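The values are calculated or read from the model by the stated rules, or taken from the named source; none is laboratory data. In this text, all values refer to a predicted model and were calculated from it rather than measured experimentally. Backbone-built Cβ (ideal geometry, glycine too); neighbour counts: all protein chains shown.
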Amino acid sequence: MAAEAEILEADGREVRLSNPQKVFWPSTGGTKLDLARYYLAVAPALLGSCRYRPTTLYRRPNGVGAPDDSFFQKRVPRPTT
């Protein structure tokens, strides 16, 4: 059974984070929730310099130590605005 979802606030919006205790970095125990909180912490400084720049997201759905199921996500799913 997956862990309960966590609701985070991002720029005045509620964002549902499923499976927040999923371990992404086995060597340190870093979780999906840790990563989301990091992104929220650095967003104010980072987003201004990223505006109007093309981006690509390199995804590893099952974490760093899992078999290589990684892929590049080039399109952002809707709705994201």
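Looking only at segment 39-47, decide whether some residue is within 13 Å of the chain's Cα centre (by Cα), over 16 Å from residue 5 (Cβ atoms) and part of a strand (DSSP E or B).
no
Can you tell me how many residues within segment 1-38 are part of a helix (DSSP H, G or I) and in contact with an Asp or Glu (Cβ under 7 Å, 6 or more places away or on another chain)? Steps first, answer last, please.
Step one: of segment 1-38, the residues part of a helix (DSSP H, G or I) are 32-38.
Still in the running and in contact with an Asp or Glu (Cβ under 7 Å, 6 or more places away or on another chain): 33.
The number of residues fulfilling the criteria is 1.
Filter segment 39-81 down to residues that are among the aromatic types (Phe, Trp, Tyr) and under 27 Å from residue 27 (Cβ atoms) and give me whichever is modelled with the lowest pLDDT. Let's see the steps before the verdict.
Of segment 39-81, the ones among the aromatic types (Phe, Trp, Tyr) are 39, 52, 58, 71-72.
With the extra rule that they be under 27 Å from residue 27 (Cβ atoms), the set shrinks to 39, 58, 71-72.
Working: 39: 93, 58: 82, 71: 86, 72: 85.
The extreme case among them is 58.
Would you mention how many residues in segment 48-75 are on the phi < 0 side of the Ramachandran plot, surrounded by 10 or more Cβ atoms within 10 Å (Cβ to Cβ), under 15 Å from the mean Cα position of the chain (by Cα) and part of a loop (DSSP other than H, G, I, E, B)?
Qualifying residue count, segment 48-75: 5.
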